[in-house]
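Here the structure comes first, spelled out in structure tokens, and everything after it is commentary.
The values are calculated or read from the model by the stated rules, or taken from the named source; none is laboratory data. All figures in this text were calculated on a predicted structure; none of them were measured in a lab. With ideal geometry, Cβ positions are generated from the backbone for all residues, glycine too; neighbour counts draw on all protein chains shown. All accessible areas refer to the heavy atoms of the entire protein, side chains included, with ligands and DNA or RNA removed. Shrake-Rupley method; radii C 1.70, N 1.55, O 1.52, S 1.80 Å.
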Amino acid sequence: MYRLQYIRRWSLMRSTTTENVAEHSFHVSLLTHMLCLIGNTYYDRKLNADHAATIALYHDAAEVFTGDIATPVKHNNPRLLANFREMENIAAKRLAAMAPPELQSIYANLLRPESEDEEQMELLRYVKAADCLDAYLKCAFEVASGNREFAVAKEQTLAKVKQMQLPEADYFLTHMAPSFEMSLDELSQLASDSD
């Protein structure tokens, strides 16, 4: 898992700030936790935010063996996507098999959560939304830094988040996402205004 720090994301794009899969996994975990807390607080959900954050932490772990395949490449055609999903499954099994025997089933379920479990499937919706939100926030940061390379990706990822029709993600976009385009001085002013 520590090797995720060596896998660069957004490899087909010119970035002002590089990002690796370990950083992305951490961010997705934070965002998943936040989305679940928003759901529990504002939408009367009963989500296990801690478990969801743990699932999020492992959501791209298989990339230790596969690398990060750019979204436009893997989603270019259904057969390619199916082959990539199979590669991910094989990599996840290989990674789980590296754990001590008594822990393998636990890690297998984190790396490839059970699709039959209704609660788990609900949490995976939040992980997926957080994954898209993190991509959107990266794009927003790059565009705010003057990098037009990410302008189209920003609009595409925003549309993808909205298509999910997850009220918690919409809440985040309205109330929290704008701060990601602010400077440190603007954030400090915002914090002092709320005191």
#### Entry: Pair list, Cβ < 6 Å and 6+ apart or interchain, from the range 6-28 residues that are in contact (Cβ under 8 Å) with a residue 24 or more places away in the chain and of a type outside the set (Ser, Thr, Tyr) to residues that are open to solvent by 40 Å² or more (accessible area, probe 1.4 Å) and not in a loop (DSSP other than H, G, I, E, B)
MET13/GLU149; ARG14/GLU149
### Query
Which helices (runs of 4 or more DSSP H) does the range 64-156 wholly contain that include 2 or more residues that are of a type in the set (Phe, Trp, Tyr)?
118-144
### Message
Can you confirm whether ASP68 is charged (D, E, K, R) and in contact with a strand residue (DSSP E or B) (Cβ under 9 Å, 6 or more places away or on another chain)?
### Response
yes
### Task
Can you run down the residue pairs with Cβ atoms below 9 Å, 6 or more apart or on separate chains, where the first is in the range 52-69 and within 15 Å of TRP10 (Cα to Cα) and the partner is at pLDDT below 90 and open to solvent by 40 Å² or more (accessible area, probe 1.4 Å)?
GLU63/ILE69; GLY67/SER11; ASP68/SER11
### Message
Just the residues that are more than 19 Å from the chain's Cα centre (by Cα) and acidic (Asp, Glu), please, taken from the range 101-118.
### Response
GLU102, GLU116, ASP117, GLU118
### Query
Among (1) at pLDDT 95 or above; (2) more than 29 Å from ASN147 (Cα to Cα); (3) more than 11 Å from the chain's Cα centre (by Cα); (4) not basic (Lys, Arg), where does ALA53 come up short?
(3)
### Task
Go over the candidates LEU81, LEU57, LEU30 one by one and state the one that is open to solvent by less than 60 Å² (accessible area, probe 1.4 Å) and under 24 Å from CYS139 (Cβ atoms).
LEU81
### Query
Does GLU86 qualify as being open to solvent by 50 Å² or more (accessible area, probe 1.4 Å), over 23 Å from MET176 (Cβ atoms), modelled with pLDDT under 95 and among the acidic types (Asp, Glu)?
yes
### Query
Of all residues in the range 33-54, how many are open to solvent by less than 20 Å² (accessible area, probe 1.4 Å) and within 21 Å of TYR2 (Cα to Cα)?
2
### Summary
Among the residues of the range 96-129, the number that are within 27 Å of ASN48 (Cα to Cα), free of Cβ contacts under 8 Å to residues at least 60 places away in the same chain and hydrophobic (A, V, I, L, M, F, W, C) is 9
### Message
If a residue must be open to solvent by 40 Å² or more (accessible area, probe 1.4 Å) and in a helix (DSSP H, G or I), how many such residues does the range 160-195 contain?
### Response
21
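Residue by residue, here is whether (1) modelled with pLDDT under 95; (2) among the polar types (S, T, N, Q) holds:
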position	(1), (2)
GLU119	yes, no
CYS139	no, no
PHE150	no, no
ALA159	no, no
LEU187	yes, no
SER192	yes, yes
